[in-house]
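No value in this document is a laboratory result; all are computed from the given coordinates. Predicted model only: the values in this text are computed from it and were never measured. A quick note on method: Cβ atoms are made from the backbone with ideal geometry, for glycine too, and the neighbour counts reach across all protein chains shown.
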Amino acid sequence: MNHSCLIQQAQILLPDGELMTGDVLLADGVIQSIAPHLAAPETGECIEAQGLTLLPGVIDPQVHFREPGLEHKEDLSTASRACARGGVTSFLEMPNTNPLTITQAALDDKLARAAAKSLVNYGFFIGATPDNLPDLREAQPTCGIKIFMGSSHGALLVSTEEFLEPIFAQGTRLIAVHAEDQGRILERRKLFTGNNDPAVHSQIQDEIAALNATQLALKLSEKYQRRLHILHLSTGIEAEYLRGHKPAWVTAEVTPQHLLLNTNDYARIGTLAQMNPPLRSPENNEVLWQALLDGVIDFIATDHAPHTLEEKAKPYPQSPSGMPGVETALPVMLTQAKKGRCSLAQVSRWMASAVAEAYGIPNKGKIAVGYDADLVLVDLETYHPVLREELQTKCGWSPFEGWNLTGWPVMTLVNGQVAYNRGQFHDQVRGKALRFEP
Ligand code: DOR
């Protein structure tokens, strides 16, 4: 054994959802044993974890980390530090960088950049265009195909059934859709021309725009029995539709923003609340929560989409859509668990094991012998607010600033190596490329 480490007397969240006080021995990046008491290794480190809770590291299945091409907003160093501080040990990143990730060469470039810079494990989507079918079928390794059905422009927009159908018809790998009806959005934009109130964003890109696209994606997925994942579900009507029409091969996710922020937040934070798909009414928050609790929605993603404060200060609609999230998502959700809205085990399932299962990521998402030692020790006893000056994301702001949260990561381990420890980063740690099994 090269590198071993003993985590002592943590409250360990086991795969059956039970908490056990005990020790976890890690060696060579893998969990070796779990027991009430284990002997300290002859070489290696001991981590005293009394009073802390040990959870599987978060796998965030939708982030926009901006490298290459948009590094003024974020880069793989700042983003992966934000991940480590937020207990995110693996991420799946989206193709709307510059150049777009629509070829094997662009995918290889991202993998090389991440190998050189990322503190945490990484995987990348390949983006669909109306004419890159061979790349979509053959590119490796990738977690899946990302289709922007709406809310995009240029090559990454695939909004009509004519161009969507061949993508669903050919190949077998997972298709993840940003489901908004671009035709409807363009029509509705005309109705609000000249209106600079960011709140109209939710009226322009309305609930029907989201439902139309989700229904179209489901129709094509059923026709070809094609593995489909619906990204950032935002409306109650989509959730209720899915409740009745969700084939076994379809999964869906929701963001903490769509669960906990709503159209009232435009008055609080203006364009910082602008994202795609937009925030909805408080009633939608409730329906999405229920769908998550009922298993209609399978897991949680942050849709971490950083933009600078300068960019966000532009008047709507010049202001860009998107909010950061990797750093706050776990404490935001653990605070909800502490309030009794869900259980600790459910939060961990939604943010780790369910994601690993959906994307076929082997040996991740659980604290079990033989699993990768991607772990986070959180403190569920103290509360600490989201403070701008502590944020690691390059954009330097959060929609949750001022929220008093519990469950902040104290230590984050990536493949058995400490990447983050009580405010300190071990910047020499590097994550690994994720594998995806069909
Ligand atoms: O609000 C959003 N911003 N939603 C997306 O899906 C894309 C993202 C971005 O890249 O800025």
Per-residue Cβ contact counts at 10 Å, fewest first, order Tyr224, Tyr266, Tyr371 as Tyr224, Tyr371, Tyr266
Over all directions, average the projected area of the Cα convex hull of region 193-327 and note it in nm². 8.4 nm²
Length gained if Ser343 through Glu283 is fully extended, taking 0.36 nm per residue and subtracting the Cα-Cα distance, is 19.4 nm
The residues Val30, Val355, sorted from fewest to most surrounding Cβ atoms within 10 Å, come out as Val30, Val355
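Do you know the relative contact order of the chain, to the nearest whole percent, from alpha carbon pairs under 8 angstrom that are 6+ apart?
In percent, rounded to a whole number, it is 21.
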As I understand it, the value is the acute angle between the Cα axis of helix 207-224 and the longest principal axis of the Cα atoms of the chain; what does it come to in degrees, rounded to 10? 80 degrees
Loop-only check: which GluC sites (Glu not before Pro) in region 27-72 are DSSP coil with at most 12 other Cβ within 10 angstrom? Glu42
So for region 173-231, considering every pair of alpha-carbon atoms, how many percent are separated by more than 17 Å? 45 percent
Considering the chain as a Gaussian network with a 10 Å cut-off on Cα pairs, which listed residue, Cys342, Cys143, Cys83, attains the greatest mean-square fluctuation? Cys342
Going through the cross-link list Lys146/Lys339; Lys339/Lys394; Lys110/Lys432; Lys338/Lys432, which pairs have a Cα-Cα distance over 23 Å in this structure? Lys146/Lys339; Lys339/Lys394; Lys338/Lys432
What do you get when you divide the Cα radius of gyration of region 382-438 by 2.2 N^0.38 Å, with N the number of residues? 1.41
Modelling each spin label as a point 7 Å along the Cα-to-Cβ direction, I'd like the Gln318/Asn404 distance in nm, to one decimal. 4.0 nm
Descending principal axes extents, the chain, alpha-carbon based, whole Å: 68, 46, 42
